[in-house]
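K.L.:
This structure is in C-alpha cells; I'll ask about it shortly.
Rule-based calculations on the coordinates, nothing more; no lab input. Predicted, not measured: the structure shown is a model, and the values here were computed from it. Backbone-built Cβ (ideal geometry, glycine too); neighbour counts: all protein chains shown.
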Amino acid sequence: LVKVAVLPLIAWFIGRKLRLDDEGMLVLMVYAAAPTSVSSYVMASQLGGDEALAASTLVVTTVLCVGSLAVALSF
C-alpha cells in the first residue's frame, strides 16, 4: 500500500519542489505509481527467499496500481 499510495504523493511533492516541467513530472509519476518489479520474485526464488510473499506483493501492487496510475496521471 505504501508503494502504490504514499510513494506517488511523495514523488509529486518532490517533483514540484524541484520545479520539474510537465514531461518530467509525467515520467516521475509513472515510475512512482508503477507496481513492484517482477525481478523481485525472481530474486526471492534464486536467493531462497519467501516466494509466496514476493508473488503476493506482485499481484497486490499490480491490481492497486491501476487506480494509483490513473490518479497520478490526472495530476
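K.L.:
Those residues that are surrounded by fewer than 17 Cβ atoms within 10 Å (Cβ to Cβ) and within 11 Å of the chain's Cα centre (by Cα), I need them from the stretch 59-75; list them, please.
P.N.:
T62, L64, V66
K.L.:
While we're on this one: Which of the residues spanning the stretch 28-56 are of a type in the set (V, I, T) and over 20 Å from L9 (Cα atoms)?
P.N.:
V38, V42
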